[in-house]
Amino acid sequence: MARALRLAERGLSTTQPNPRVGCVIARGGEVVGEGWHRRAGGPHAEVFALRAAGARAQGAAAYVTLEPCGLQGRTPPCADALVAAGVARVVIASEDAFQREGGAVGRLRAAGIAVESGLMREAARELNRGFFSRVEHGRPWVRVKLAMSLDGRTALANGESKWITGEAARADVQRWRARSSAILTGSGTVLADDPRLTVRLESDSRRERGFEPGNGVVPAYRSCDEDSGSESFLPPPLRVVLDRELRTPAAAHVLDGSAPTLVFHAPGVRPSHAGFEHAELAVVETRGDGLDLAQALAELGRRGANELQVEAGPTLCGALFAAGLVDEVLLYVAPLLLGDSARPLLALPALSAMSARWRLRTVDRRQVGEDLRLLMRPSNTFAE
């Protein structure tokens, strides 16, 4: 199962909106076939593993990181493929609530196949925390990316923030963007920083930029299959802007058509310029001084978004925290000081007692260039 999980990780940035899944088929202590799900619409992990095993799958055990599909979608049910191959045993790491109506496990057992589940379940759920968030809770896993100085500041008083972190940390952010279904920001950040919110990865053995901006084609990634050497293009993450009054200027990078863009706005607001023709507009109800964040996240969930990376200012990030909608914090701490007049990390409500403080648990810490990267989760996340 550990090997199956490592295989599943190969689809970290390519399977959206599907989960990342790996499969290993073993017989008599020997691995006879293995595979992983590469991209939505393509064969699932079990199919690749069965192809590799061939006739040796008869009487073998299949180790799968997620409950095999029993539903007919863009590909046939994997449960049927396992039955047809004659495997004797199927070991599942994690159950899949999405498959409850498919009857995959019941179908396998009815065919005389022994089915077990729960082996390395926590690791399997961790790998697909965005998928489970969407399927079980109706919204994507929300990861807030932040960068600050040692004294907790994110920008100078005049708004200048390039660059707090070093080149290595900025490159690391691109990898986190690549694994995300969508990248969200607010209109204030668009007006202040004019971000592109696209993924810019250095070429490596598995993935590289497919197109350059401005050539009239939506940017994609060229993904190289390590097993076959074949390449295919993958769409970029959806750019999402919370813009209550549609203040985003026509010349903003998020409206340049270089990546799919969704702009949430308040009811009754109409575009004031033609720049929004490169984006999809969607209405979200207002709540207080802003848009209804829970409704916006639910809409992203309905659109198949698994992981959402938030790259916004202290007001929007603070509002997400206050609403209990943050699942994970990706924080880069730079070894520098910006002083008292610089802007704070988050805008949070004042607390009347220490017992009301927000507590975070550190999941991972590591050095990235000269900066420290912390991955933390509030105690109320779905993973708890």
Need one number: % antiparallel among DSSP beta bridges in the chain, to the nearest 5. 50
Suppose the Debye formula is applied to equal point scatterers at every Cα of the chain; what is log10 I(q)/I(0) at q = 0.08, 0.11 Å⁻¹? -0.46, -0.84
In Å³ per residue, the alpha-carbon convex hull of segment 34-86 encloses 71
Environment charge at Arg6 (Cβ cut-off 12 Å; Lys +1, Arg +1, Asp -1, Glu -1): +1
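At a Förster distance of 25 Å, what's the computed FRET efficiency of Arg74 paired with Glu30, Cβ-Cβ distance as r, to 0.05?
E between Arg74 and Glu30, to the nearest 0.05, is 0.15.
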How do His278, His253 stack up against each other in accessible area, from largest to smallest, with a 1.4 angstrom probe? His278, His253
Alpha carbon centre of segment 1-63 versus segment 110-187: separation in Å? 24
Running Debye on segment 12-105 with equal point scatterers at the Cα sites and no solvent, what base-10 log of I(q)/I(0) appears at q = 0.12 Å⁻¹? -0.32
Could you pull the accessible area for Thr315 with a 1.4 Å probe, rounded to 10 Å²? 100
Sorted from largest to smallest, which semi-axis lengths in Å does the alpha carbon gyration tensor of segment 35-161 give for its equivalent ellipsoid, taking the root of 5 times each eigenvalue? 40, 15, 14
5 Å is the cut-off here: which amide hydrogens, built 1.01 Å from N in the peptide plane, fall below it relative to Asn306, excluding neighbours closer than 5 in sequence? Ser181
With θ set to phi - 60° and the Karplus curve 6.51 cos²θ - 1.76 cosθ + 1.60, what are the ³J(HN,Hα) couplings of segment 108-115 in order, to the nearest whole Hz, using x for Gly and Pro? 5, 5, 5, 8, x, 8, 6, 10
In bins 10 Å wide, starting from 0, what share of all Cα pairs of segment 303-384 does each bin hold, as a percent? 14, 42, 37, 7, 0
Before anything else, pin down the relative contact order of segment 227-384: Cα pairs under 8 Å, at least 6 apart, normalised by residue count, whole percent. 16
Where does the chain land at 222 nm, in deg cm²/dmol rounded to the nearest 500, when only DSSP H runs of n ≥ 4 count, each adding -39500 (n - 2.57), divided by all residues? -6000 deg cm²/dmol
Express as a percent, rounded to the nearest 5, the fraction of DSSP beta bridges in segment 27-143 (both residues included) that run antiparallel. 10
Looking at segment 270-327, I'd like the Rg to Rh ratio, where Rg is from alpha-carbon atoms and Rh is Kirkwood's inverse mean 1/r. 0.99
Debye, to nearest 20: dipole size of segment 60-145, +1 on Lys, Arg Cβ, -1 on Asp, Glu Cβ: 320
Let me check against my output: what whole-number percent is the relative contact order of the chain, with C-alpha pairs under 8 Å and at least 6 apart? 16
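The values are calculated or read from the model by the stated rules, or taken from the named source; none is laboratory data. Predicted model only: the values in this text are computed from it and were never measured. When we count neighbours, we look across all protein chains shown, and the Cβ atoms used for this are built from the backbone with ideal geometry, even at glycine. All accessible areas refer to the heavy atoms of the entire protein, side chains included, with ligands and DNA or RNA removed. Shrake-Rupley method; radii C 1.70, N 1.55, O 1.52, S 1.80 Å.
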